[in-house]
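Trainee: What follows is a single structure, and I will ask about it in a moment.
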Amino acid sequence: SQKIEQNSEALNIQEGKTATLTCNYTNYSPAYLQWYRQDPGRGPVFLLLIRENEKEKRKERLKVTFDTTLKQSLFHITASQPADSATYLCALTKTSYDKVIFGPGTSLSVIP
Amino acid sequence: GAGVSQSPSNKVTEKGKDVELRCDPISGHTALYWYRQSLGQGLEFLIYFQGNSAPDKSGLPSDRFSAERTGGSVSTLTIQRTQQEDSAVYLCASSLTSGGALEQYFGPGTRLTVT
C-alpha cells in the first residue's frame with residue numbers, strides 16, 4: 001500500500017539558517033504534491049503546490065523540489081525565523097479529482 | 001468571505017453514544033474531505049466527496065462511521081456507538097478542484113472526547 005514518510009525526528013535549527021524538510025513516498029505516483037503548515041490547535045494551511053512535470057517551485061522564502069525518480073520532495077525555508085516554527089505536512093494526490101493523502105508531518109523549531 | 005466552519009468545536013460524549021459532526025465548506029467548493037488527527041499524529045484520511053460522484057469512503061475505519069453531503073454543500077460525519085479510540089480532532093476541508101486548484105482550506109476542527 002502507499003506510504004508517505006517525512007523527517008522522523010523534530011528539526012531544530014538556528015534562526016537565519018535554511019531548514020530542509022523531506023517527504024518520501026512509496027507505491028504511489030502522484031501528479032501533484034502539496035506542502036501545508038499546521039500550528040498547534042489549528043487546521044493545516046496551504047503553502048505550495050508542485051506538479052509532477054515541475055522540478056522546482058518558489059514562493060518568497062520557500063522552495064519546493066519534486067523528484068519523481070527518487071520519489072521525494074524537499075521543502076526549504078531560507079533565512080528561517082522563529083515564526084516559522086510549526087509542523088509541516090506534505091500531501092499527495094494522483095489526479096486533480098482524486099483524494100489527497102497526507103504525510104505524518106515534521107515539527108520544525110527555529111531557535112532565536 | 002467565510003472560511004470552512006465546523007461545529008461543535010468540542011464534543012464530550014459517553015462511550016456507546018452516537019455523535020454528529022458538521023462541516024460547512026466554502027461556497028462553490030466542489031470537493032469536501034474529512035480527516036481525523038489524533039494527538040501528535042498526522043492527518044488520517046476518512047472520506048472524500050467530489051461533486052456528484054460517489055464518495056471515496058476508503059478511509060473510514062469501521063462501519064460505525066458514515067458521512068453525508070447534502071445538496072453539494074454541508075456535510076455531516078456520524079459516528080455510531082462511539083469508542084474511546086474515536087477520541088481525536090476531526091478536521092474538515094474543502095477545495096475548488098477545477099483546473100487543478102487542489103489547495104485545501106481547513107476548518108478549525110471538532111475535538112471529540114469519548115469518556
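Trainee: Return the only residue of A:Leu33, A:Leu74 being within 24 Å of B:Tyr90 (Cα to Cα), aliphatic (A, V, I, L, M) and assigned to a strand (DSSP E or B).
Mentor: A:Leu33
Trainee: Now a separate question. Can you report the number of residues in the range B:60-106 which are touching a residue at least 24 places away in the same chain (Cβ under 8 Å), assigned to a loop (DSSP other than H, G, I, E, B) and within 14 Å of another protein chain (Cβ to nearest Cβ)?
Mentor: Total meeting the criteria: 4.
Trainee: Further, regarding this structure: Within 12 Å of another protein chain (Cβ to nearest Cβ), farther than 17 Å from A:Phe102 by Cα and either free of Cβ contacts under 8 Å to residues at least 12 places away in the same chain or over 14 Å from the mean Cα position of the chain (by Cα) (or both), is that true of B:Gly51?
Mentor: yes
Trainee: Here are some residues: A:Ala86, A:Ala10. Which one is closer than 30 Å to B:Asn10 by Cα and surrounded by 17 or more Cβ atoms within 10 Å (Cβ to Cβ)?
Mentor: A:Ala86
Trainee: Quick check on my filter: what residues within the range A:37-56 are at the interface with chain B (Cβ under 10 Å from one of its Cβ atoms) and in a strand (DSSP E or B)?
Mentor: Within the range A:37-56, A:Gln38, A:Val45, A:Phe46, A:Leu47, A:Leu48, A:Leu49, A:Arg51 qualify.
Trainee: Can you list residue pairs whose Cβ atoms sit under 9 Å apart, with the first residue in the range A:86-106 being over 16 Å from B:Gly42 (Cβ atoms) and the second being assigned to a strand (DSSP E or B) and acidic (Asp, Glu)? Count only pairs 6 or more apart in sequence or on different chains.
Mentor: Taking only residues 6 or more apart or on different chains, the pairs are A:Asp98/B:Asp56.
Trainee: Taking into account only those residues within the range A:57-107 that are over 26 Å from B:Ala31 (Cα atoms) and in contact with a Ser or Thr (Cβ under 6 Å, 6 or more places away or on another chain), which is nearest to the other protein chains (Cβ to nearest Cβ)?
Mentor: A:Ser107
Coordinate-derived values only; no laboratory data. Note that this is a predicted model, so its numbers are computed, not measured. No Cβ is skipped: glycine too gets one built from the backbone with ideal geometry, and neighbour counts run over all protein chains shown.
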